[in-house]
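Written out below as structure tokens is the structure these notes cover.
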Amino acid sequence: MGWLYQNALKPALFRLEPERAHELGVDALALLGRVRPLCALLERMNRLSPARHRSVECFGLKFPNAVGLAAGFDKDGRAWPAAAALGFGHVEVGTVTFHAQPGNPRPRAFRYPAQGAVVNRMGFNNGGAAALAGRLAQLPGPGRRSIPLGINLGKSKVTPLDQATEDYLGSFRLLADHADYVVVNVSSPNTPGLRELQDAAWLSPLLAALVDENKARTAAGKPRRPLLLKIAPDLSFPQIDAVLQVIADLGLDGIIATNTTLARPGPFAAVNEAGGLSGAPLRRRSTEIINYIARATSGRLPIIGVGGIMDETGAGEKLDAGASLVQLYTGLIYRGPCFAAEVARALAQRQRE
């Protein structure tokens, strides 16, 4: 399958506009997810042997392997039932916003094959939290899935910054029943003002409200959901320290490092397309931040490492830096649908050595 992708499917997809190719990929996985016998067969083929591989336990959940599908690929929760068939050990849907929104004008995604990179300014295009909740309600819920499902929440573009807390709370209330874990995304560069929410003055009351809402679930007899924060790679280390203090004060369950970057290193200095840069150019910075967080928290805060994983070595590097789990997206574009299973097998081999 890897040979077929590299020599036939990838050249055909790369002749298409990037967002159109992405839509076809989501459609294909959504179709696969509906063919349950085929999905189950592929999942068995890609499942790591429990006798030779330890599952990963993190923030109270069990992950069959360390490799996840990052948010951004499946914003509306259409393709995730096929993720385990591709070898993923977890999947994160979204980013979803309380209000449905079209995102930014097209074109808004750009490939740079020579650099193994993508620039996107999608702008949280999605059908809204209520639509996602309705779709998830028709499928197996927490505790009845083969891999954990995370839901990534963002702020609606129409919502002013001073009303962001209610916006996130609205999404959380609609979606928490369907999530194995919930991610608060305050780090996309493509929603105006969103990254300001990473400042402690904004972040602390936002997360405190979500933590309180999560506690209220238990009082109502519902399970509490692990709550994670996703940060940008463009934060300075003192800014990261302030974020980590908020996380510690409120008792969040983990952190995702990192989102896409606004930096334009090397050849990207001449690139005029606005948006977040992902892929190989992000690898080093993301790993630096993971390592910094791991050392700053003495390894006590679970980290999901994202950014620039384009091969098996890059995934191992994130785990060595202190991540408990990793996530892929841009690497999937360049390496194809077998990439997750290949990485999971390579990480399992490292575990045995």
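The values are calculated or read from the model by the stated rules, or taken from the named source; none is laboratory data. None of these values were measured; they are calculated from a predicted model. Positions of Cβ are backbone-derived with ideal geometry, glycine not excepted, and every protein chain shown enters the neighbour counts.
Is there a residue being within 29 Å of LEU169 (Cα to Cα), of a type in the set (A, V, I, L, M, F, W, C) and in contact with an Asp or Glu (Cβ under 7 Å, 6 or more places away or on another chain) anywhere in segment 43-64? Within segment 43-64, one or more residues are within 29 Å of LEU169 (Cα to Cα), of a type in the set (A, V, I, L, M, F, W, C) and in contact with an Asp or Glu (Cβ under 7 Å, 6 or more places away or on another chain).
Selection over segment 48-66 of residues that are surrounded by 22 or more Cβ atoms within 10 Å (Cβ to Cβ) and touching a His at 6+ places or on another chain (Cβ under 8 Å) gives a count of 1. Considering TYR168, TYR181, TYR112, which residue is crowded, with 21+ Cβ neighbours inside 10 Å, among the aromatic types (Phe, Trp, Tyr), more than 15 Å from the chain's Cα centre (by Cα) and modelled with pLDDT of 95 or more? When all the criteria are applied, what remains is TYR168.
Going by the conditions given, is PRO265 touching a helix residue (DSSP H, G or I) at 6+ places or on another chain (Cβ under 6 Å) and surrounded by fewer than 19 Cβ atoms within 10 Å (Cβ to Cβ)? So PRO265 passes the test.
Is it fair to say SER49 is more than 19 Å from the chain's Cα centre (by Cα), over 23 Å from LEU227 (Cα atoms) and hydroxyl-bearing (Ser, Thr, Tyr)? Yes, satisfied. For segment 185-195, the tally of residues that are in contact with a helix residue (DSSP H, G or I) (Cβ under 6 Å, 6 or more places away or on another chain) and either under 10 Å from ALA164 (Cβ atoms) or among the charged types (D, E, K, R) (or both) stands at 2.
Residues that are within 18 Å of THR191 (Cβ to Cβ) and surrounded by fewer than 20 Cβ atoms within 10 Å (Cβ to Cβ) were ranked within segment 124-133; the one that is nearest to the chain's Cα centre (by Cα) is ASN125. Using the structure shown, decide if GLY154 is at positive phi and within 21 Å of the chain's Cα centre (by Cα). Answer is no for this residue. Considering only segment 37-44, I want to know if a residue exists there that is in contact (Cβ under 8 Å) with a residue 24 or more places away in the chain and charged (D, E, K, R). Yes.
Being within 19 Å of the chain's Cα centre (by Cα) and basic (Lys, Arg) is a property that holds for ARG195. ALA270 meets the conditions (1) buried (at least 16 other Cβ atoms within 10 Å of the Cβ); (2) of a type in the set (A, V, I, L, M, F, W, C); (3) free of Cβ contacts under 8 Å to residues at least 40 places away in the same chain; (4) farther than 19 Å from VAL183 by Cα in every case but one. The failed one is (1). Screening the candidates LEU328, LEU282, LEU332 for the property of being in contact with a Ser or Thr (Cβ under 6 Å, 6 or more places away or on another chain) and closer than 26 Å to ALA21 by Cβ yields one hit, LEU282.
Pairing residues of segment 341-353 that are among the basic types (Lys, Arg) with residues that are part of a helix (DSSP H, G or I), at Cβ distances under 7 Å and at least 6 apart in sequence or on separate chains, gives ARG350/GLY316.
Residues GLY305, GLY275: which one is closer than 19 Å to VAL343 by Cβ, small (Gly, Ala, Ser) and surrounded by 15 or more Cβ atoms within 10 Å (Cβ to Cβ)?
Working: GLY275 fails: closer than 19 Å to VAL343 by Cβ.
After ruling out the rest, the residue left standing is GLY305.
Please go through segment 186-243 and give me each residue that is of a type in the set (S, T, N, Q) and farther than 20 Å from LEU301 by Cα, ordered by number. Listed by number, the residues that qualify are SER188, ASN190, THR191, THR218. Scanning segment 102-113 for residues being of a type in the set (A, V, I, L, M, F, W, C) and without any contact (Cβ under 8 Å) to a residue 60 or more places away in the chain gives a total of 0.
Does GLY251 count as surrounded by 16 or more Cβ atoms within 10 Å (Cβ to Cβ) and on the phi > 0 side of the Ramachandran plot? When the stated conditions are applied, GLY251 does not pass them.
When ALA216 is tested against (1) assigned to a helix (DSSP H, G or I); (2) among the aliphatic types (A, V, I, L, M); (3) within 20 Å of the chain's Cα centre (by Cα), only condition (3) is not met. Would you check if ARG34 is over 20 Å from ARG144 (Cβ atoms) and basic (Lys, Arg)? Against the criterion (over 20 Å from ARG144 (Cβ atoms) and basic (Lys, Arg)), ARG34 does not qualify. Exactly one residue out of SER236, SER204, SER188 is farther than 18 Å from LEU325 by Cβ, out of contact with any strand residue (DSSP E or B) (no Cβ under 9 Å at 6 or more places or on another chain), of a type in the set (Ser, Thr, Tyr) and surrounded by 15 or more Cβ atoms within 10 Å (Cβ to Cβ): that is SER204.
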